[in-house]
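The values are calculated or read from the model by the stated rules, or taken from the named source; none is laboratory data. This one's a predicted model, so the numbers in the text were calculated from it and none came from an experiment. Cβ coordinates were reconstructed from backbone atoms using ideal geometry, including for glycine residues, and neighbour counts include every protein chain displayed. SASA here: full protein model, heavy atoms, side chains in, ligands and nucleic acids out. Shrake-Rupley method; radii C 1.70, N 1.55, O 1.52, S 1.80 Å.
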Amino acid sequence: MEIKRNVRRKNRKIKFSENQYVENVYFQEDRAVIPVRLDKISDLYMEHDYKQMELSDSVCKYIEEIAYMIPINTDIELEIHCPKVDIETQLRMKRAIKNNYGIEIDDVEYDMNSQNIRSIVLLIFGVILLTINILADKYLNLNSIVSNFLCVVWWVAIWDTIEIQMLDKSENKWKRLNYQQLYDSNITFVFDLEEE
């Protein structure tokens, strides 16, 4: 009897909506609020970053994972919960966050440009090999091994072009939109923690 109940529980459909969860937890009015807790101001930055210019990986990963669930057309507010800091420190923290996502946007755009170049080169290479393969089959009557080899190479080159343009480029466009959404986010401070 116990075994049947466990099997039923494992096979039961779970009614959980990620959209509803995100809306209930992160949405306030017409924007999404991502709360970020910093016990110390230095928690925002890389551990050994003396000048405090680079965001820590854990903070970035947390913010990006939450932002990934938020629809692209929604404004984001980063709500920094931290010990009280002066205006200059707030501006420095905001600048560090904006710089971090500006760099990420630049990196994605660089990747997209190199993907475009790579796909153009592969397409030209594939078309040239396809032309050689057709002409060689028609006029030179190559043996089947060489002809099959040429056929595989041009097919792979053209397929890689399609994969880059359809899948990789699309993924990078979404990444760029997510980073742009974070770059454009409003950053507010809530001083509800005491520095240790």
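Yes or no: segment 176-189 includes at least one residue that is more than 30 Å from Ile34 (Cα to Cα) and open to solvent by 90 Å² or more (accessible area, probe 1.4 Å). Scanning segment 176-189 turns up no residue that is more than 30 Å from Ile34 (Cα to Cα) and open to solvent by 90 Å² or more (accessible area, probe 1.4 Å).
Here's the yes/no breakdown for (1) in a strand (DSSP E or B); (2) buried (at least 16 other Cβ atoms within 10 Å of the Cβ):
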{"position": "Ile34", "(1), (2)": "yes, yes"}
{"position": "Ala67", "(1), (2)": "no, yes"}
{"position": "Pro71", "(1), (2)": "no, no"}
{"position": "Lys84", "(1), (2)": "no, no"}
{"position": "Tyr101", "(1), (2)": "no, yes"}
{"position": "Asp107", "(1), (2)": "no, no"}
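Of note, Tyr139 satisfies the criterion of being farther than 28 Å from Val22 by Cα, part of a helix (DSSP H, G or I), out of contact with any His (no Cβ under 7 Å at 6 or more places or on another chain) and aromatic (Phe, Trp, Tyr). Residue check: Ala96 meets all listed conditions (1) of a type outside the set (Asp, Glu); (2) open to solvent by 30 Å² or more (accessible area, probe 1.4 Å); (3) part of a helix (DSSP H, G or I) but one, namely (2). The sole residue among Asp137, Asp75 that is more than 30 Å from Asn24 (Cα to Cα) and among the acidic types (Asp, Glu) is Asp137.
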